[in-house]
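Q: To start, I am sharing the structure in question, which I have written as structure tokens.
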Amino acid sequence: MMRIKLKLFLFLVVVLSIGSVSAANNEKVKTGLEIGNKAPEIKLMSPEGKVIALSSLKGKMVLIDFWASWCGPCRRENPSVVQAYQSYKDKNFENAKGFTIYSVSLDKSKDKWISAIEEDKLSWSYHVSDLLGWNSIAAQAYGVRGIPDNFLIDGDGIIVAKRLRGPYLDAALKQLAK
């Protein structure tokens, strides 16, 4: 129990130390995978066959969530992600209005992907996949080697936190909300 409290405390110290990047500085920010970098663009298909670009969510706080229907830890993590979405979807942040999730599936089966979205009640609008499993273009671009994995980006597309699971996601969003 003490170890969990210590980890939570250290996480909060890191989140508190993250300075916000102003829109004026975004032109100078490099694209990359570290906190403070501009998140790489992702353009993948929704289950309905519509291409959804990550950049189309500019202005919102976005959790880029890498997962799959066949991944037990992902499915166990989904209730925390759903709770965060329900709690913060209408909140305002330093430079973002609202919170959403850009859910990137590493599935190969469209049917299993869609079933998992329904079963786990993943009610947000942005579900995407190229159905290439671990060969997903997005997973490769983000260096994903294990799932679940995620990146939290602000309204300007800047990575403000990453690898937030369970209470850490809620703590980060609570800290960043106005």
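Q: I need the full set of residues from segment 129-178 which are of a type in the set (Lys, Arg) and in contact with a strand residue (DSSP E or B) (Cβ under 9 Å, 6 or more places away or on another chain), in order please.
A: Across segment 129-178, the qualifying residues are Lys162, Arg163, Arg165, Lys178.
Q: Another question, then. How many residues are among the hydroxyl-bearing types (Ser, Thr, Tyr) and assigned to a helix (DSSP H, G or I) if we restrict to segment 101-158?
A: 1
Q: Checking the condition at pLDDT below 95 and surrounded by 12 or more Cβ atoms within 10 Å (Cβ to Cβ), which residue from Val21, Val82 passes?
A: Within the list Val21, Val82, the selection yields Val21.
Q: I've got another one for you. Pairs please, first residue from segment 16-43 and over 16 Å from Asn150 (Cβ atoms), second anywhere and polar (S, T, N, Q) and modelled with pLDDT of 50 or more, Cβ atoms under 6 Å, 6+ apart in sequence or on different chains.
A: Qualifying pairs under 6 Å: Lys30/Asn37; Lys38/Thr31; Glu41/Ser55.
Q: Can you tell me which residue among Phe9, Phe66 is modelled with pLDDT under 95 and aromatic (Phe, Trp, Tyr)? Before the answer, list the steps.
A: Numbers: Phe66 fails: modelled with pLDDT under 95.
Only one candidate qualifies: Phe9.
Q: Based on this model, can you work out whether Ser69 counts as over 22 Å from Asp156 (Cα atoms), buried (at least 18 other Cβ atoms within 10 Å of the Cβ) and over 13 Å from the mean Cα position of the chain (by Cα)?
A: yes
Q: Can you tell me which of (1) in contact (Cβ under 8 Å) with a residue 40 or more places away in the chain; (2) within 23 Å of Arg165 (Cβ to Cβ) is the one Gln86 doesn't meet?
A: So the condition that Gln86 fails would be (1).
Q: Restrict the check to segment 65-79 and report whether at least one residue is without any contact (Cβ under 8 Å) to a residue 40 or more places away in the chain and either in a helix (DSSP H, G or I) or touching a Lys or Arg at 6+ places or on another chain (Cβ under 7 Å) (or both).
A: So far as segment 65-79 goes, yes, one or more of its residues are without any contact (Cβ under 8 Å) to a residue 40 or more places away in the chain and either in a helix (DSSP H, G or I) or touching a Lys or Arg at 6+ places or on another chain (Cβ under 7 Å) (or both).
Q: Still on this structure: Given the conditions (1) surrounded by fewer than 22 Cβ atoms within 10 Å (Cβ to Cβ); (2) under 16 Å from Ser69 (Cβ atoms), and given that Arg163 satisfies all but one, which numbered condition is not satisfied?
A: (2) is the only condition that Arg163 fails.
Q: Specify which of the listed residues (Val160, Val128) is within 18 Å of Ile52 (Cα to Cα) and either β-branched (Val, Ile, Thr) or free of Cβ contacts under 8 Å to residues at least 40 places away in the same chain (or both). Break it down into steps so the answer makes sense when it comes.
A: On the way: Val160 fails: within 18 Å of Ile52 (Cα to Cα).
On inspection, the qualifying residue turns out to be Val128.
The values are calculated or read from the model by the stated rules, or taken from the named source; none is laboratory data. Just so it is clear, the model here is predicted, and its values are computed rather than measured. Counting neighbours? That spans all protein chains shown, and the Cβs are built from the backbone with ideal geometry, glycine included.
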